[in-house]
1. Return the residue satisfying two criteria in turn: it lies in segment 239-252 and is touching a Gly at 6+ places or on another chain (Cβ under 9 Å) and of a type in the set (A, V, I, L, M, F, W, C), and of such residues it is surrounded by the fewest Cβ atoms within 10 Å (Cβ to Cβ).
2. Kindly indicate whether residue 257 is surrounded by 11 or more Cβ atoms within 10 Å (Cβ to Cβ), free of Cβ contacts under 8 Å to residues at least 60 places away in the same chain and among the hydrophobic types (A, V, I, L, M, F, W, C).
3. Within segment 54-63, is there a residue that is in contact (Cβ under 8 Å) with a residue 60 or more places away in the chain, assigned to a loop (DSSP other than H, G, I, E, B) and of a type outside the set (A, V, I, L, M, F, W, C)?
4. So residue 295 passes all but one of these: (1) in contact with a helix residue (DSSP H, G or I) (Cβ under 7 Å, 6 or more places away or on another chain); (2) under 30 Å from residue 187 (Cβ atoms). Which condition number does it fail?
5. Can you tell me which residue is surrounded by the most Cβ atoms within 10 Å (Cβ to Cβ) among those in segment 200-233 that are β-branched (Val, Ile, Thr) and more than 30 Å from residue 101 (Cα to Cα)?
6. Somewhere in segment 238-250, is a residue outside any helix (DSSP H, G or I), among the polar types (S, T, N, Q), out of contact with any strand residue (DSSP E or B) (no Cβ under 7 Å at 6 or more places or on another chain) and over 30 Å from residue 179 (Cα atoms)?
7. Kindly list the number of the only condition in (1) buried (at least 19 other Cβ atoms within 10 Å of the Cβ); (2) of a type outside the set (Asp, Glu); (3) touching a strand residue (DSSP E or B) at 6+ places or on another chain (Cβ under 7 Å); (4) farther than 21 Å from residue 208 by Cβ that fails for residue 105.
8. Report, by residue number, each residue of segment 371-399 that is part of a helix (DSSP H, G or I) and hydroxyl-bearing (Ser, Thr, Tyr).
Amino acid sequence: MRKDFKLAAAAALVVAALLAMAGCSKSSGEQGQGGMGNMPPPQVGVITVQPQNVPVTFEYTGQTQGSKEVEVRARVGGIIEKRTYVEGAQVEAGQVMFELDPKPLQAQVAASEAELATADARATQATREASRLKPLLEDRAVSQQDYDNAVSNQQIAAAGVLSAKAQLQELRLNLGYTRVVAPVSGLSGREMKSVGSLVTPTDSLLTTLVQLNPLYVGFGPSENEQNAIERDVVSGSLQLPKNGFEVEIRGVEGGVLAKGGRMNFTDSRVNNQTGTVEMRAELSNPGGKLKGGQFVRVALHGAMRPAAIVVPQGAVLEGPQSKIVMTVAKDKDGKDVVAPRPVEVGEWATLDGVGGKPATKVWVITKGLAAGDRVILDNFVKLRPGAPVTPVSPEVSAAAQSAPAAQADHK
């Protein structure tokens, strides 16, 4: 009730202002030749609103990011001997990007191979000793303790072989890690360390890789926007697409950059710092046309307002406290007169043109208009509340208004 009172008050203010203007015009006419009162009612272009299904697009600010953003790090320390990639170029998974000095690790591998050979020899000797004592134990030529010690030595030597093999395997892996390869395919970043620099376990970042196809776009609708959408879905005034939104990426200054994307993540929590819900879309980006970190507009297509009332954007006027739509109503004598109507609006929508006509941008009217209302589209400067008008089609009104301008140009 309180909200309706505010809307009515706003309409009253607009009506009062228009009446005052009308009074001034009337006084001027009476003091002049008296011709103002004899003028026919002005023609106005009028449409009759009817409920219709209206496609709705939700649009948010977003930022692009790679679907994979990987740090390329050295797994072992050493001096960088060579960089084998071009900064900023595409790199394939497994491609060598840096080479570290392998000589220190090659020496360690050689020493480990020698230790393994020694361990093998000890194991062979321990095996022979145990085999030699076994028949002597059966003949009681040696004690059980001597034989048990030989068997234990054999097991210890076998364990030494396994340890030497594991150490050698680790050193060979480290030697292979002196060739730093790309873990994924993607666009390479600038080198963080140049040739000749020392890489340590605590300072191992060499460069980065970003995979831009497919591309991710992150955005965050506010909590209030999400709550409003959920309320409309529950009330039935909004239908969301069953197969998910279709995502279109637009430039900040307009123009479609990419389309055909799909949502692939919606956070279950609200960010308590920004008050937004984190969302992410994935779309194809062949050739890496879009770069990571770009600010874009994310348009979500596929939602529908069933049985919605819409009017062209130009028909909605700004009042002191609300938006106003000028309508045509019948007075007590049955004449067509101007009737201002305060309205509440939803989002903008675009209706496809029919019969080759251009698309129309419209306001979704959530309150204030009903099916069958006649809405005025033009000639607002000649209107005052309660004044008679002659409603015609928008095409007839446009032609009538363009005729004087054409005649003036001809003269």
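1. The qualifying residue surrounded by the fewest Cβ atoms within 10 Å (Cβ to Cβ) is 240.
2. Details: surrounded by 11 or more Cβ atoms within 10 Å (Cβ to Cβ): yes; free of Cβ contacts under 8 Å to residues at least 60 places away in the same chain: yes; among the hydrophobic types (A, V, I, L, M, F, W, C): yes.
Answer is yes for this residue.
3. Going residue by residue through segment 54-63, those that are in contact (Cβ under 8 Å) with a residue 60 or more places away in the chain are 54-63.
Next, only the ones that are assigned to a loop (DSSP other than H, G, I, E, B) stay: none.
No, that holds for no residue.
4. (1)
5. Residues of segment 200-233 that are β-branched (Val, Ile, Thr), as a first pass: 200, 202, 207-208, 210, 217, 229, 233.
Subset that is more than 30 Å from residue 101 (Cα to Cα): 217, 229, 233.
Values: 217: 25, 229: 16, 233: 13.
Across segment 200-233, the extreme among qualifying residues is 217.
6. As a first pass, look at segment 238-250 and keep what is outside any helix (DSSP H, G or I): 238-250.
With the extra rule that they be among the polar types (S, T, N, Q), the set shrinks to 239, 243.
Then drop every residue that is not out of contact with any strand residue (DSSP E or B) (no Cβ under 7 Å at 6 or more places or on another chain), which leaves 243.
Restricting the remaining residues to those that are over 30 Å from residue 179 (Cα atoms) gives 243.
Looking through segment 238-250, at least one residue is outside any helix (DSSP H, G or I), among the polar types (S, T, N, Q), out of contact with any strand residue (DSSP E or B) (no Cβ under 7 Å at 6 or more places or on another chain) and over 30 Å from residue 179 (Cα atoms).
7. If we test residue 105 against (1) buried (at least 19 other Cβ atoms within 10 Å of the Cβ); (2) of a type outside the set (Asp, Glu); (3) touching a strand residue (DSSP E or B) at 6+ places or on another chain (Cβ under 7 Å); (4) farther than 21 Å from residue 208 by Cβ, just (3) comes out false.
8. Of segment 371-399, the ones part of a helix (DSSP H, G or I) are 380-382, 394-399.
Answer for segment 371-399, where residues must be part of a helix (DSSP H, G or I) and hydroxyl-bearing (Ser, Thr, Tyr): just 397.
The numbers here are math on the coordinates, done by the rules we state, and not lab data. Note that the structure is a prediction, hence the values are computed from the model and not measured. Glycine also receives a Cβ, built like all others from the backbone with ideal geometry; neighbour counts cover every protein chain displayed.
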